[in-house]
1. Go through the residues of segment 99-110 one by one and say whether even a single one is under 30 Å from GLN192 (Cα atoms) and among the aliphatic types (A, V, I, L, M).
2. Restricting to segment 72-111, count the residues that are over 20 Å from the mean Cα position of the chain (by Cα) and free of Cβ contacts under 8 Å to residues at least 24 places away in the same chain.
3. Of all residues in segment 44-79, how many are small (Gly, Ala, Ser) and either touching a Pro at 6+ places or on another chain (Cβ under 7 Å) or surrounded by fewer than 19 Cβ atoms within 10 Å (Cβ to Cβ) (or both)?
4. Looking at segment 114-136, which of the residues that are aliphatic (A, V, I, L, M) and farther than 17 Å from ALA174 by Cβ is surrounded by the fewest Cβ atoms within 10 Å (Cβ to Cβ)?
5. Within the group GLY183, GLY158, GLY188, GLY178, which residue is outside any helix (DSSP H, G or I) and out of contact with any strand residue (DSSP E or B) (no Cβ under 8 Å at 6 or more places or on another chain)?
6. Given the residues GLU32, GLU69, which is the only one that is within 16 Å of the chain's Cα centre (by Cα), within 29 Å of SER9 (Cβ to Cβ) and acidic (Asp, Glu)?
7. Filtering segment 40-66 down to residues that are among the small types (Gly, Ala, Ser) and without any contact (Cβ under 8 Å) to a residue 24 or more places away in the chain, which residue is nearest to LEU20 (Cα to Cα)?
8. How many residues are closer than 16 Å to ILE180 by Cα and either out of contact with any Cys (no Cβ under 9 Å at 6 or more places or on another chain) or modelled with pLDDT under 95 (or both) if we restrict to segment 69-94?
Amino acid sequence: MLDEFLESSDELHGLMMTLLENVQLAPGMRIEMGMVACSLALEHALSLRLLVRTSCYTSAVSMLRLQYEALARGIWLLYAATDRQVETLASPLSVISEQAAKKMPMFSEMLKEIHRTAPAIPSKMLQSFKDVNYQAMNSYVHSGIHPLRRHSEGYPEGLVRGVVTSSNGLSVMALQLGLILTGDSRLGGLVQEIQMDYSDLLPEIISPLH
């Protein structure tokens, strides 16, 4: 049952990747870096499913936070980052650029900036996901009670399926951001079509990681 769900999720992922690989981005460094963040979020989603397939469930759940923060970074780059911040993150990796990047806002501040500047829907979705799951995701990243108990006692299939479902939802948000980065409003309907066609793989509501 889980294997079939993973295969369908792979199909969804492949469709989204094909769409993003064939779009023409609007010009600009901000747009380019936003797409890099989208690609990173989708890579984390792929990694999550690969880890589930090898029964590395604790590591898989940890990937959910990486995917979430990559998506949030992309939204922040598009709507909230200053030109100087975009230039810093687009600079070749060096000791100087690494030091400059340390001055970027922490995640909580980045989320506040998104709330002030981004459209309401993605802002609310990011906040809702954080409100429900961020404490548990922190626990996984820092080897707290959640991963220690689950790694010891085992992972119910429903929990694993829920994690993949949440990841699929984040991936669709990444797709939507990627299509926004094209500047072509005609592509907006593609996300709604995908949500309808793959509704059984996507979250109706955001469920906690318990």
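The values are calculated or read from the model by the stated rules, or taken from the named source; none is laboratory data. Source: prediction; values computed, not measured. Methodologically, a virtual Cβ is constructed for each residue, glycine included, from the backbone with ideal geometry; neighbour enumeration extends over all protein chains shown.
1. yes
2. 17
3. Residues that pass the stated criteria total 3.
4. Across segment 114-136, the extreme among qualifying residues is ALA120.
5. Checking each option against the conditions leaves just GLY183.
6. One residue alone meets the criteria, GLU69.
7. SER47
8. Qualifying residue count, segment 69-94: 8.
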